[in-house]
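Below: one structure, written as structure tokens.
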Amino acid sequence: MADVVDMNDIQQQWKVLNDEYHTLEEVHKNYHNSIVEFTKLQNKCLKEITHQNYRVSQLRQLIKKCKINSDEEIQAKEELVKAMDSRVSHVKEIRESLPKPNGLYLNIVLGAINSTLLDSDQRFKYKEQYEMFKLVVTSVILAVSLADLIFQSRYATAEPVPGAPVCDLVCDAILHFLLVWYHCTLTIRESILVVNGSRIKGWWRTLHFLTTILAGVMVVCYSPDGESYNKFRVQFLSYICYSSFLQFLQYYYQYGCLYRLRALGERYDMDITIQGFHSWMWRGLGFLLPFLYFGYFFQFYNAYTLYNMYFNDRSGVEWQVPAVAALYFAIFLGNTMTTFLVIQQKLTGKSVKTKLK
């Protein structure tokens, strides 16, 4: 027999639920008011930061025009300059915790939304998710490119195998889709990280945009019946395999370096692992540099191969061939020069420190 429910009991429970709903409304009202107040405080902080920077710059100009008449004034000037430098540094730290403009790229891709993560734990968690994303997708790209290369070698040397062209076609399509999606997603995530304090500057930012363009042009160039692509295919797959392997090496090496330097307080929590060689990667240099420079040589070799392909048959070669050659050469040149300059800067700084000792 079913349990009999008393109507009075139901009404009593509804009354309790109504009281809880009024509590919810009050909490939501406080939440909304807090957001309004929070936004006002943010805007006020930004105005005060602008004011501080403007006034400090004005005072710096006045110091340059100031006439020094005594040793006491010289000392006062030095102390004032140090105090201003310290103030600018502290104001910069305060600015890091406030929303920043997205920049042109994020505004185009995401629109005018706030991409700043205000909580430091959230920023660090997003950075860790970015690192894991790179590791997982690079693993998949390496597996697909290896499978594609193995199929190519097998079908090129053995008797014709039924379904071989289909396997090549599927592997190629998956690989090109992965490369375009990976590099596009990577540039978006890195741009969000930059907004949230990660320091990815100069050439390494440009490199990721160039690789995105390169992946896009390769998709346009890709055609199962295209003579130019088929001539370059094995070399391209070999390059993708090696560059994926190189990214694994850089990831594990850089991650270890960053962990050690962050523990010592010498690196920022939002620093990330990126391609290439950087000044903080000095320890273990002899291990990583040969792999890096071989990868750079591979990029130059790709550019050279494609240029020869275009030079020998200009009328019969697609426009994508010289475009990809130019992109590979630009990437090779930027990587080589930047790495060389970083090493030179590090060696120069090290020799200066040795002389001072």
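Where a number appears in this text, it was derived from the coordinates with a stated rule and is not lab data. Remember, it's a predicted structure, so these values are computed and weren't measured experimentally. Note: ideal-geometry Cβ built from the backbone for every residue, glycine included; neighbour counts use all protein chains shown.
The trypsin sites (Lys or Arg not before Pro) of segment 1-110 meeting both criteria, a DSSP state outside H, G, I, E and B (loop) and at most 13 other C-beta atoms within 10 angstrom of the site's C-beta, are Lys67.
Sorted into 5 angstrom bins from 0, the C-alpha pair distances of segment 11-98 split as 3, 11, 13, 12, 10, 8, 8, 6, 6, 5, 4, 4, 3, 3, 2, 1, 1, 0 percent.
Past 18 Å, Cα to Cα: identify those pairs from Lys40/Lys92; Lys64/Lys92; Lys47/Lys100; Lys82/Lys346; Lys127/Lys201; Lys40/Lys127, in the order given. From Lys40/Lys92; Lys64/Lys92; Lys47/Lys100; Lys82/Lys346; Lys127/Lys201; Lys40/Lys127, over 18 Å: Lys40/Lys92; Lys64/Lys92; Lys82/Lys346; Lys40/Lys127. With neighbours defined as other Cβ atoms within 10 Å of a residue's Cβ, the residues Met218, Met132 order from fewest to most as Met132, Met218. In a reduced charge model with +1 at each Lys and Arg Cβ and -1 at each Asp and Glu Cβ, segment 25-157 shows a dipole moment near 520 debye about its Cα centre.
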